[in-house]
Amino acid sequence: MLASAVIRPWEWPEAAIAVPAAALAVATGAISPHRAQMTALRLGPVVGFLAAVLVLAQLCQDEGLFRACGAWLARGGRPGRLLARVFVVASAVLLGVNIGPNLTYAGSLATMLWRRVLREHDAEPALGEFTRLGLLTVPAALILATMALWASLHVI
């Protein structure tokens with residue numbers, strides 16, 4: 001509850017702050033109404049994607065997925081067991097968050113933004129090259145992150 005109060009004051013939805021802030025930016029002339037409209041139209045798919053992610057996360061929270069996962073992790077006991085459980089959860093999350101988007105090419109939000117910048121510079125990679133790069137980097141990142149977590153548990 002405390003963490004959500006820090007992130008969301010008075011438990012208001014994010015739009016309760018974002019929409020008035022955007023209106024204030026237009027009203028004060030920080031951005032023209034036309035440019036705000038063009039930006040909103042251009043970012044529409046990204047905003048839709050973020051909205052879908054937020055809805056999915058809220059559904060997971062409502063169903064108790066995060067609490068159940070935390071309870072399962074807490075039953076790890078010894079540091080080695082805890083690390084193994086965190087590794088299992090991280091591998092599961094990576095399947096949906098990193099490996100899956102890397103293999104679908106449309107990808108995650110970061111991937112979509114990265115591809116957009118590359119497209120603007122006429123440098124977008126082919127599907128095979130993109131997939132190969134993802135298959136090489138994601139497992140290596142998972143191994144390095146797990147090793148760093150293991151090392152931090154032994155230092156602490």
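The values are calculated or read from the model by the stated rules, or taken from the named source; none is laboratory data. This structure is a prediction, so every number in the text was calculated from the model and none was measured.
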> helices (runs of 4 or more DSSP H) wholly in segment 44-133 with at least 1 residues that are among the hydrophobic types (A, V, I, L, M, F, W, C) and at pLDDT 80 or above - which ones?
Replying inline: 65-74, 79-94, 109-120
> Exactly one of (1) of a type outside the set (V, I, T); (2) modelled with pLDDT of 80 or more; (3) over 27 Å from R115 (Cα atoms) is unmet by H34. Its number?
Replying inline: (3)
